[in-house]
Amino acid sequence: MARKGGRYSAETKAKIAEAVAEARKTGSWKDAHGAAQKVGYKGNVDALMQMMARKKAKKPAPAKAKKRGRPAKAPVAAAPALDPVAAQYLCGSIDKAVAELQRLRKLYAK
């Protein structure tokens, strides 16, 4: 004959779990079994151990881990189009700045 599931109410299970947790801090599973029987547990020690193992296993799952591998590359925005005069001025300014930085590098590298 198949046994009907859900033998204990949620309130009773919580009381049993609390009693077992308190008893296990200082004693063995036999002590925990005695404490659980005082609050309404009717099974044996092995079944109590299984019940507590299931209770531990039913904790909510942690958040999903991030996917492994390299992160997706962000799309590179195209440089805005410049008129030829502004582009020439910009290139000249960059060249001057690079030349000055190289001069300072040589100066302080000594």
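The values are calculated or read from the model by the stated rules, or taken from the named source; none is laboratory data. Remember, it's a predicted structure, so these values are computed and weren't measured experimentally. Backbone-built Cβ (ideal geometry, glycine too); neighbour counts: all protein chains shown.
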Any residue in region 11-24 that's without any contact (Cβ under 8 Å) to a residue 24 or more places away in the chain: show its pairings with residues that are assigned to a helix (DSSP H, G or I) at Cβ separation under 6 Å, as long as the two are six or more apart or on different chains. A19/A35; A19/A36; A23/D31; A23/A32; A23/A35; R24/A32
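Starting from residues that are part of a loop (DSSP other than H, G, I, E, B) and within 30 Å of Y8 (Cβ to Cβ), keep the ones in region 55-100 and report whichever is modelled with the highest pLDDT.
Among them, the one singled out is P62.
To keep it simple, each residue is scored yes or no on (1) surrounded by 10 or more Cβ atoms within 10 Å (Cβ to Cβ); (2) under 16 Å from A19 (Cα atoms); (3) outside the structural domain of R24 (by TED's automatic domain parsing).
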{"site": "G43", "(1), (2), (3)": "yes, yes, no"}
{"site": "A47", "(1), (2), (3)": "yes, yes, no"}
{"site": "M51", "(1), (2), (3)": "yes, yes, no"}
{"site": "P62", "(1), (2), (3)": "no, no, yes"}
{"site": "P75", "(1), (2), (3)": "no, no, yes"}
{"site": "Y89", "(1), (2), (3)": "yes, no, yes"}
{"site": "E100", "(1), (2), (3)": "yes, no, yes"}
Just to be sure, is R70 charged (D, E, K, R), loosely packed, with under 10 Cβ neighbours inside 10 Å and closer than 18 Å to R7 by Cβ? no
